[in-house]
Amino acid sequence: MSKKVLVLGETREGALRNVSFEAIAAAKKVSDGGEVVGVLIGDSVTDFGAELINNGADRVVVVEHPHLKSYTSDGYGQAFMAVVEEENPDGIVFGHTAVGKDLSPKIASKLKSGLISDVTDIDGEGDDAVFIRPIYSGKAFEKVKMKDGLLFFTIRPNNITPLEREERSGDVSSLSVDITNLRTIVQNVVRKSAEGVDLSEAKVIVAGGRGVKSSEGFEPLQQLADLLGGAVGASRGACDADYCDYSLQIGQTGKVVTPDLYIAAGISGAIQHLAGMSNSKVIVAINKDPEANIFKVADYGIVGDLFEVIPLLTEEFKKVMQ
Ligand code: FAD
């Protein structure tokens with residue numbers, strides 16, 4: 001049965017997040033030739049509508065309001081529910097991002113629907129679609145199928161390939177929503193670190209653990225990450241030791257990442273760390289201890305001192321990238 005599927009288009013710092021395009025591809029897969037409708041919520045976000053269409057949305061609905069400039073679950077909840085009432089969709093797809101993780105259960109409970117969260121792959125199409133998601137901190141995967149009712153799921157960033165971008169045409173319409181009775185209004189957002197590549201969307205991550213030994217120890221990792229156009233991440237061990245900020249933490253209680261290349265330096269590979277990175281496409285581990293657990297998930301293992309290996313890797317990458 002063909003379906004109308006709503007996709008939340010997420011923006012950050014004046015650009016659409018890539019996960020929005022991945023969500024459109026996922027929506028197309030389950031829509032069975034139906035309609036994929038992008039939803040943009042914010043202050044001045046209409047201009048992003050054309051880009052959602054170029055990436056495969058059939059049309060876009062925009063809800064704009066000054067109180068929607070920054071995310072609040074209250075404000076976005078009201079806006080998204082208004083779109084749902086207007087569109088009466090058969091399916092909804094969000095990114096499994098900070099916004100998606102916060103908003104999806106709220107919307108699912110309001111709609112009394114099920115929710116399949118953190119989907120990393122979809123087997124089959126349309127009504128036959130089976131959703132694959134990690135469980136037990138990534139130690140196993142389960143396959144889930146929605147029996148009936150609204151098909152609502154969130155997708156983990158960097159796992160589903162977006163459709164080919166091409167110039168497409170489609171309607172971008174606005175829906176007027178009276179955003180009322182907000183319990184919180186964000187006045188101002190002060191960013192801690194505004195520079196560099198976003199960790200959760202980085203294609204290359206160079207992550208350091210307690211083996212890095214100090215905040216200065218992270219400098220060679222940053223140089224390698226910069227050279228590869230990537231981001232620096234960390235284990236909780238490194239964050240707890242105050243070598244870096246908690247915003248860099250990867251793992252069960254940190255960020256979940258799936259880059260093309262994950263270089264783990266001085267990280268032992270505790271299960272809680274693996275929960276955040278074991279789905280990376282290629283894992284390179286550098287550790288002095290040949291028995292370190294990280295080698296069990298690594299595609300390439302280098303037994304050695306990271307302070308020797310990282311500069312050597314950087315030099316070699318420089319040669320091939322010239
Ligand atoms: P260690 O385990 O101390 O490992 C350091 C490694 O560096 C060692 O293997 C050592 O051989 C190597 N090393 C030392 N010097 C060098 C050198 N010069 N060159 C090369 N290698 C070297 N952890 C996370 O990472 N993310 C989470 O989200 C997270 N959530 C948690 C949630 C809970 C509820 C709990 C209980 C724990 C959580 N942890 C998490 C902590 C986790 O259990 C580990 O303690 C932590 O991951 C260890 O960090 P580490 O690997 O950097 O440090």
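What follows is calculated from the coordinates using simple rules that are stated; it is not laboratory data. Predicted model only: the values in this text are computed from it and were never measured. Neighbour counts are summed over all protein chains in view; Cβ atoms, including those assigned to glycine, are modelled from backbone coordinates with ideal geometry.
Structure notes:
- The stretch 208-322, relative contact order [Cα under 8 Å, separation at least 6], %: 23 percent
- Span-like helix ranges in the chain, DSSP H, alpha carbon extent 15 angstrom or more, Kyte mean at least -1.0: 18-31, 73-87, 98-111, 306-321
- Each of ARG210, ARG156, ARG165 has some number of other Cβ atoms within 10 Å of its Cβ, and from fewest to most they run ARG165, ARG210, ARG156.
- Counted charge near ALA270, where neighbours are those whose Cβ lies closer than 11 Å (Asp, Glu -1; Lys, Arg +1): +2
- Sequence-separation-based contact order of the stretch 1-150, relative, with Cα cut under 8 Å and 6+ spacing, percent: 23 percent
- Dipole in debye (nearest 20) - the chain, about Cα centre, beta carbon charges: Lys, Arg +1; Asp, Glu -1: 780 debye
- Bridge orientation summary for the chain: considering DSSP beta bridges with both residues in this region, about 20 percent are antiparallel.
- Prolate/oblate/rounded call for the stretch 141-188, Cα gyration tensor, a/c under 1.5 rounded: oblate
- GluC sites (Glu not before Pro) restricted to DSSP loop in the stretch 133-212 with at most 16 other C-beta within 10 Å: GLU164, GLU166, GLU167, GLU195
- Mean sequence separation of contacting Cα pairs (under 8 Å, at least six apart), scaled by the length of the chain, corresponds to a relative contact order of 14 percent.
- Rounded if a/c under 1.5, otherwise prolate or oblate - the stretch 165-322, Cα gyration tensor axes: prolate
- Residue order for THR314, THR161, fewest other beta carbons within 10 angstrom first, comes to THR161, THR314.
- Highest mean packing comes first when the peptides 66-77, 129-140, 179-190 are listed by Cβ atoms within 10 Å, giving 66-77, 129-140, 179-190.
- Net charge, SER174 excluded, C-beta distance under 13 Å - Lys, Arg +1, Asp, Glu -1: -4
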